[in-house]
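Structure first, commentary second.
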Amino acid sequence: RLCAAPEPNLSYQELKDLKKANVLHIDVRERWEIDRFGKIPESINIPLGELMEALQMDPTEFKEQYNQKMPSKSDPVVFSCLAGTRSKQALGFAMSLGFS
């Protein structure tokens, strides 16, 4: 399941279209889930338990840890997980930190 504000739910096709527009896709599943079920192309894995800390990191530290430029608070970001519960939590976390 995929979540993004203001559209809380996205289809796979909508995500594919958004990715063409340089949207940062953060997969909040656990690392073992990525290993077992596979990585979504061009997504970065930040397990939900790490997300609050990750979104408050120094940008240099974020890049070292996740091999990706840290999103600014106005950058478009999409969160995904397996069933939709964690991605909704991730969206709430990001918005609470000032991400739009």
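The values are calculated or read from the model by the stated rules, or taken from the named source; none is laboratory data. Just so it is clear, the structure is predicted and the values come from calculations on it, not from any experiment. The accessibility values were calculated without ligands, DNA or RNA, using every heavy atom of the protein model including side chains. Shrake-Rupley method; radii C 1.70, N 1.55, O 1.52, S 1.80 Å.
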If you average 1/r over every pair of different alpha-carbon atoms in segment 49-100 and take one over that average, what Kirkwood value in Å do you get? 11.5 Å
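Let me check something: with ligands and nucleic acids excluded, how do Ile46, Ile40 order by accessible area (1.4 Å probe), largest to smallest? Write down the numbers at each step before the final one.
Values: Ile46 0, Ile40 50 Å².
Sorted by accessible area, descending: Ile40, Ile46.
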The chain accessible area per residue, 1.4 Å probe, protein heavy atoms, integer Å², reads 60 Å²
Using the Kirkwood radius over C-alpha pairs as Rh, can you work out the diffusion coefficient of the chain via Stokes-Einstein at 37 °C, viscosity 0.692 mPa s, in µm² per second? 244 µm²/s
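Looking only at the chain, where both bridge partners belong to it, what percent of the DSSP beta bridges are antiparallel (to the nearest 5)? Intermediate values should be presented prior to the final figure.
On the way: 2 of 9 bridges.
Percent antiparallel among DSSP bridges in the chain is about 20.
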Excluding ligands, DNA and RNA, the carbon-plus-sulfur percentage of the accessible area of segment 12-97 with a 1.4 Å probe reads 53 percent
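Averaging sequence separations of C-alpha pairs under 8 Å and six or more residues apart, then dividing by the length of the chain, give the relative contact order as a whole percent. Don't skip to the end; give the middle numbers.
On the way: 135 pairs, mean separation 37.7, N = 100.
Over the chain, the number comes to 38 percent.
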Within the chain, helix-based [θ] at 222 nm, where runs of 4 or more DSSP H residues each add -39,500 (n - 2.57), nearest 500: -11500 deg cm²/dmol
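Would you mind checking the pairs Lys39/Lys63; Lys63/Lys88; Lys16/Lys63 and listing those with alpha carbons more than 21 angstrom apart?
Lys63/Lys88; Lys16/Lys63
Would you list Ser43, Ser74 from the most to the least accessible area, probe 1.4 Å?
Working: Ser43 10, Ser74 90 Å².
Final ranking, largest accessible area leading: Ser74, Ser43.
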